[in-house]
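First the structure, in the form of structure tokens, and then the observations on it.
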There are 6 protein chains.
Amino acid sequence: MDNWLSTLITATPTDGYNLAVKMSRVAVKLTQGDAAIRDKLRPDYAENADSLIAVSQVVATHFATVAAANGYWK
Amino acid sequence: MDNWLSTLITATPTDGYNLAVKMSRVAVKLTQGDAAIRDKLRPDYAENADSLIAVSQVVATHFATVAAANGYWK
Amino acid sequence: MDNWLSTLITATPTDGYNLAVKMSRVAVKLTQGDAAIRDKLRPDYAENADSLIAVSQVVATHFATVAAANGYWK
Amino acid sequence: MDNWLSTLITATPTDGYNLAVKMSRVAVKLTQGDAAIRDKLRPDYAENADSLIAVSQVVATHFATVAAANGYWK
Amino acid sequence: MDNWLSTLITATPTDGYNLAVKMSRVAVKLTQGDAAIRDKLRPDYAENADSLIAVSQVVATHFATVAAANGYWK
Amino acid sequence: MDNWLSTLITATPTDGYNLAVKMSRVAVKLTQGDAAIRDKLRPDYAENADSLIAVSQVVATHFATVAAANGYWK
């Protein structure tokens with residue numbers, strides 16, 4: 001993947017949250033590079049409550065970083 | 001979803017906690033966009049002790065960010 | 001729930017720890033609003049080592065926030 | 001439990017680590033108040049690799065707080 | 001392993017993210033030193049949604065550290 | 001265990017990472033004091049992908065603390 005993360009600065013907290021979601025997904029792509037396998041795995045987590053909560057945990061961790069980078073948008 | 005997270009600033013710690021709960025839920029919605037599936041999954045976590053603890057972990061992570069953004073409401 | 005979290009400031013680290021325990025529990029209440037179901041789930045985690053460790057993890061995350069809010073009681 | 005956590009300040013990082021271990025255990029005691037049940041659960045985690053790793057995760061989270069409180073003992 | 005982590009400073013957030021991925025993998029190598037066993041385990045996590053999410057969680061934790069080290073590349 | 005953690009200061013990030021690995025292991029030793037049992041458990045995690053990821057998570061958490069203590073080696 002090329003320079004997909006050029007900055008942590010976003011205009012709004014909502015944009016920062018969306019960036020955190022993206023950041024949580026890229027590690028999966030870098031670990032499982034085969035898009036066909038990733039697609040096959042999608043129902044395993046998208047239809048599983050515990051997996052969705054785990055995704056949310058990763059997003060929360062990345063959001064903390066993005067928020068700090070943006071001075072909490074104050 | 002539109003600009004649902006316009007600010008991390010809240011009037012009180014209680015409001016900040018409620019915001020953290022909301023933030024924990026949005027990642028789930030963004031990962032599983034189908035409300036019918038999410039509704040079907042609800043008993044899987046709402047009636048499962050370990051899932052509820054995992055939800056609480058996500059809330060704790062987001063609350064840390066919200067609290068820092070608000071200067072800990074001091 | 002009304003304004004249950006009016007401040008993160010506590011007199012002592014022990015009080016801050018107790019607050020963190022409370023903060024870990026409220027997210028569960030907000031996710032599973034039915035007290036009868038929560039009571040039924042209690043043995044599922046209170047008599048399960050891994051669940052108790054997971055609870056302790058949530059408390060640790062909240063305690064970090066409370067401790068920072070109190071300037072580490074120094 | 002009385003005022004078991006009077007301060008986060010310790011003389012050395014080793015003492016701070018030991019405090020973090022203690023802090024990770026107290027949440028378990030506060031959630032499962034029956035010492036007989038806790039004793040019964042002990043082999044469930046003390047002889048289980050994943051449980052021991054989870055305990056170590058809680059200790060790591062508390063140690064981060066204790067280390068910050070002590071200015072990293074510098 | 002020799003001095004594989006000479007600095008946390010990277011030119012861009014993307015490079016910092018890649019470093020975080022590397023950092024998440026080295027702990028595995030230091031715990032399981034046998035490359036043949038690691039190779040055998042690869043499908044266990046690379047084709048398992050929950051494992052991939054867990055990997056992403058580790059990356060998020062390391063990325064927070066790398067981002068702080070780089071002053072969030074501001 | 002005697003004063004095994006006399007300082008969090010290390011010469012390089014690599015040394016800091018190695019210290020974080022050590023810190024992740026000591027909590028296990030303090031929880032399961034019997035070396036024979038720990039040895040018996042070793043394949044349970046060293047040959048299990050999810051356990052290795054969990055170990056890596058603990059290391060990441062400790063590394064964050066060590067890195068902060070060292071001013072990120074800047």
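The values are calculated or read from the model by the stated rules, or taken from the named source; none is laboratory data. As the structure is a prediction and not an experimental result, all values here were calculated from the model. Glycine also receives a Cβ, built like all others from the backbone with ideal geometry; neighbour counts cover every protein chain displayed. Heads up: the accessible areas ignore ligands, DNA and RNA and are worked out on the full protein's heavy atoms, side chains in. Shrake-Rupley method; radii C 1.70, N 1.55, O 1.52, S 1.80 Å.
A few comments on the model shown:
- Looking only at segment A:1-17, residues that are open to solvent by 70 Å² or more (accessible area, probe 1.4 Å) and among the polar types (S, T, N, Q) come to 2 in all.
- Pairs where the first residue, in segment D:31-57, is under 30 Å from F:ALA49 (Cβ atoms) and the second is open to solvent by 70 Å² or more (accessible area, probe 1.4 Å), C-beta under 6 Å, 6+ apart: D:ALA49/F:ASP44; D:SER51/C:ASP50
- Residue identified as surrounded by 19 or more Cβ atoms within 10 Å (Cβ to Cβ) and either polar (S, T, N, Q) or out of contact with any Leu (no Cβ under 7 Å at 6 or more places or on another chain) (or both) among C:VAL66, C:VAL58: C:VAL58
- Where C:ALA36 falls short, out of the listed (1) open to solvent by 40 Å² or more (accessible area, probe 1.4 Å); (2) touching a helix residue (DSSP H, G or I) at 6+ places or on another chain (Cβ under 9 Å): (2)
- Hey, B:TYR45 at negative phi, more than 8 Å from chain A (Cβ to nearest Cβ) and aromatic (Phe, Trp, Tyr) or not: no
- Summed over segment B:39-55, residues that are over 12 Å from the mean Cα position of the chain (by Cα) and open to solvent by 20 Å² or more (accessible area, probe 1.4 Å) total 9.
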